[in-house]
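The values are calculated or read from the model by the stated rules, or taken from the named source; none is laboratory data. All figures in this text were calculated on a predicted structure; none of them were measured in a lab. Every residue, glycine among them, receives a Cβ derived from its backbone with ideal geometry; neighbour counts consider all protein chains shown. Remember, those area values only see protein heavy atoms, side chains included, never the ligands or the DNA or RNA. Shrake-Rupley method; radii C 1.70, N 1.55, O 1.52, S 1.80 Å.
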Amino acid sequence: MTGRPGGTDHDQADAARDTGAGPERGGRDRGCGEEGRGRGTGGGSATATATASLPGTGTGSRAGGGGALLVVGDVVTDVIARHRGPLAPGTDTACVIRTLPGGAGANVACWAAHRGCPDVRLLGRVGAESAAWHERELAARGVRPRLVVDPQAATGTVICLVDADAAAERTFLTDSGASLRLDPGDWSDALLDGVGRLHLSGYLLFSRTGRALVRTAAASARARGVPVSLDPASAGFLTELGVDRFLTLVEGVDVLLPSRDEAGLLTGSSDGAKAAAELSRRVPLVVAKQGADGALVARNGALLARVPAVAATPRDTTGAGDAFTGAFLAALLAGADAVAAASEGCRAGALAVELVGGRPPVPGDSTTPTTSPTASAH
């Protein structure tokens, strides 16, 4: 497929003015990759349509005690263009283009299910033009989606330019659309019924309503004793948000999963180990993704372990960090310690870079989504 889902046009200029977002998605490393995507679009009420119910039993449980994983974050459509060599300005560059489901939050949920978490749930917001397609793609990978259908904005779209001659390095053009219009009105404390861990996509922090939702969801989780994890998401957008503001917003988070660049930005240190250790004085557990160098695990101001990466031949590094995070959280819920869970994350990251797109394969189909997004609108 090469077409973008049809539907409502989104005014990019207005969105940029509202959020101050830049045009590129932040970096991700290979193997234990780093995620980056997102632009907030401000507030606005929406008709909340739960595309799948999220029944639960009892209250949330602590780490290692099982329970479901609830992910709150972005659901977008990825348009991936794989080319060889530099782009040719002003003319054509031959490439292979595919349209696939994506979004950092949605990818994390799918990888957690793929790596064995039996109950993974996702709260996100999409446009009406592709809501059914995204719901089917999530369900096909074992995720129980609750998608809020936005009456005004289309589903976010990310154009991923992947240079096959540069170790599958990529550049991103991001229109977050509906994905960052999640707000506290989309939250219900009942979403935490039966949940053992809550994971928040850092892209939520790049819109006013998303920040309000993060505060609401995190407070609700703390009241139930449910651990909260967060991936900072994008060094570029963190710069715009401000380091001090970010660190204030993540107070009370139990696990932080930054990339190498994000950890460096948040601490001012170019030494990955020192950056991870310093961050773990603010957040109890820090797992810093180092791409081809694996991952660093730090707790309470001290480096616990250097976890090696798993060798892989990259085709597309999109989603490597999401894969790491999803597998890491699945392992924690299964009772693994942080170092063993980080090893699971590295294995998932290595698998991810050998696939095209940010998601694990649908069972029985390792290369393409189950249906086209345009077909889902009819």
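Points worth noting:
- Cα-only radius of gyration and Dmax that characterise the range 110-251, units Å: 16.0, 50
- Using the average count of surrounding beta-carbon atoms within 10 Å as a protection proxy, the listed peptides 274-284, 305-315 rank, highest first, as 274-284, 305-315.
- Pairs of Cα atoms in the range 258-304 fall into 10 Å distance bins, from 0 up to the last occupied one, in shares of 38, 59, 4 percent.
- Within the range 250-285: backbone nitrogen closer than 14 Å to the VAL243 label point (7 Å, Cα to C-beta): 261-272, 274-280, 282
- Largest to smallest principal axis extent of the C-alpha atoms in the range 209-285, angstrom: 37, 24, 16
- Value of Rg/Rh across the range 282-342 [Cα atoms, Kirkwood radius]: 0.98
- Förster radius 45 Å - calculated FRET efficiency between CYS95 and ARG224, Cβ distance, rounded to 0.05: 0.40
- The Rg/Rh ratio for the range 83-136, using Cα coordinates for both the radius of gyration and the Kirkwood hydrodynamic radius, is 1.16.
- Column: log10 I(q)/I(0), Debye, Cα scatterers of the range 189-325, q = 0.15, 0.19, 0.22 Å⁻¹: -0.73, -1.12, -1.38
- Put a dot 7 Å past the Cα of ARG215, heading toward its Cβ, do the same for THR313, and the two dots end up 5.1 nm apart.
- Relative to the compact-globule estimate of 2.2 N^0.38 Å, the Cα radius of gyration of the range 163-245 comes out at 1.31.
- Expressed as a whole percent, the accessible surface of the range 119-210 that belongs to carbon and sulfur atoms is 51, based on a 1.4 Å probe.
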